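A.B. asks: Got a structure here, written out as structure tokens. Questions coming.
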Amino acid sequence: MNKNTMKKMIISNKVVIALATAFLSVSCSNTKRLPPDEGIYDSNAGVNTGGAYEDLSTIPVPALPDRDPSLNPEDADYQTLAAYTVYFGFDSFSIAASERTKLEEVANYLKANGDVKVILAGHTDSRGTVQYNLGLGERRSLAARDYLIGLGIASSRLNTISYGEERPADSAESEAAWERNRRAEIGVIR
């Protein structure tokens with residue numbers, strides 16, 4: 001590399017860093033804290049954080065795991081493990097302590113049925129934009145996936161998908177309906 005090329009690379013790297021810093025400072029200036037909730041598991045950190053989270057729009061979506069293209073979420077049996085559907089709080093992808101026992105039962109089922117794979121389908125209520133809800137649904141499915149991996153289930157048996165608000169469990173527009181729609185369903189694939 002000659003000296004001029006090296007200078008241009010340094011200048012362009014400085015510009016990229018300056019733009020990234022400006023973007024982050026604007027994004028972070030609009031953050032807000034969600035109310036604390038005891039006993040919440042944060043799959044991003046892998047620890048109980050006590051529920052102190054920034055606004056979800058400022059949290060980057062984690063890298064998506066490799067998906068098995070041969071698995072079709074439409075072919076999954078969502079009835080077998082329907083009793084273990086995991087429910088989430090408003091605007092949250094954290095797994096509450098009360099929901100963890102469901103995932104522990106799913107892990108036991110998977111350990112007893114070594115040939116089974118599952119689709120973890122994330123859902124949201126109807127509030128928020130389509131794009132935001134797809135991202136939140138993905139975070140919910142990934143949180144359930146991460147928790148199952150922590151319980152000893154191989155990641156190759158766990159696939160995720162987000163339906164966002166598109167497949168409500170309850171189509172009413174009420175708090176009770178929204179609570180039923182904020183979920184991660186587990187679909188069995190044999």
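The values are calculated or read from the model by the stated rules, or taken from the named source; none is laboratory data. Model, not experiment: these values are computed from the prediction. Here Cβ is always computed from backbone atoms with ideal geometry, including for glycine, and neighbour counts include all displayed protein chains. Just so you know, the surface numbers come from the protein's heavy atoms only, side chains and all, with ligands and any DNA or RNA stripped out. Shrake-Rupley method; radii C 1.70, N 1.55, O 1.52, S 1.80 Å.
A.B. asks: Out of curiosity, is ALA184 open to solvent by less than 40 Å² (accessible area, probe 1.4 Å), hydrophobic (A, V, I, L, M, F, W, C) and part of a helix (DSSP H, G or I)?
C.D. replies: Details: open to solvent by less than 40 Å² (accessible area, probe 1.4 Å): yes; hydrophobic (A, V, I, L, M, F, W, C): yes; part of a helix (DSSP H, G or I): no.
Criteria not met by ALA184.
A.B. asks: How about region 117-135: which of its residues are assigned to a helix (DSSP H, G or I) and surrounded by 16 or more Cβ atoms within 10 Å (Cβ to Cβ)? First the steps, then the outcome.
C.D. replies: Of all residues in region 117-135, those assigned to a helix (DSSP H, G or I) come to 130-135.
Within region 117-135, TYR132, ASN133, LEU134, GLY135 meet the criteria.
A.B. asks: Could you please tell me which pairs satisfy a Cβ distance under 6 Å, a separation of 6+ or placement on different chains, a first residue in region 84-95 that is hydrophobic (A, V, I, L, M, F, W, C), and a second residue that is part of a strand (DSSP E or B) and at pLDDT 95 or above?
C.D. replies: Taking only residues 6 or more apart or on different chains, the pairs are VAL86/ALA184.
A.B. asks: Name every residue in region 42-94 that is surrounded by fewer than 16 Cβ atoms within 10 Å (Cβ to Cβ), charged (D, E, K, R) and modelled with pLDDT of 65 or more, in order of residue number.
C.D. replies: If the condition is that a residue be surrounded by fewer than 16 Cβ atoms within 10 Å (Cβ to Cβ), charged (D, E, K, R) and modelled with pLDDT of 65 or more, then ARG67, ASP68, GLU74, ASP75, ASP77 are the ones that fit.
A.B. asks: Give region 136-177 a look and list any residue that's among the hydrophobic types (A, V, I, L, M, F, W, C), surrounded by 13 or more Cβ atoms within 10 Å (Cβ to Cβ) and in a helix (DSSP H, G or I), or say none.
C.D. replies: LEU136, LEU142, ALA143, ALA144, LEU148, ILE149, ALA177
A.B. asks: Would you check which residues across region 150-163 are within 16 Å of VAL86 (Cα to Cα) and in contact with a strand residue (DSSP E or B) (Cβ under 7 Å, 6 or more places away or on another chain) and list them?
C.D. replies: Answer for region 150-163, where residues must be within 16 Å of VAL86 (Cα to Cα) and in contact with a strand residue (DSSP E or B) (Cβ under 7 Å, 6 or more places away or on another chain): LEU158, ASN159, THR160, ILE161, SER162, TYR163.
A.B. asks: Which of the residues that make up region 95-116 are open to solvent by 70 Å² or more (accessible area, probe 1.4 Å) and either under 13 Å from ARG183 (Cβ atoms) or of a type in the set (Gly, Ala, Ser) (or both)?
C.D. replies: If the condition is that a residue be open to solvent by 70 Å² or more (accessible area, probe 1.4 Å) and either under 13 Å from ARG183 (Cβ atoms) or of a type in the set (Gly, Ala, Ser) (or both), then SER98, ALA112 are the ones that fit.
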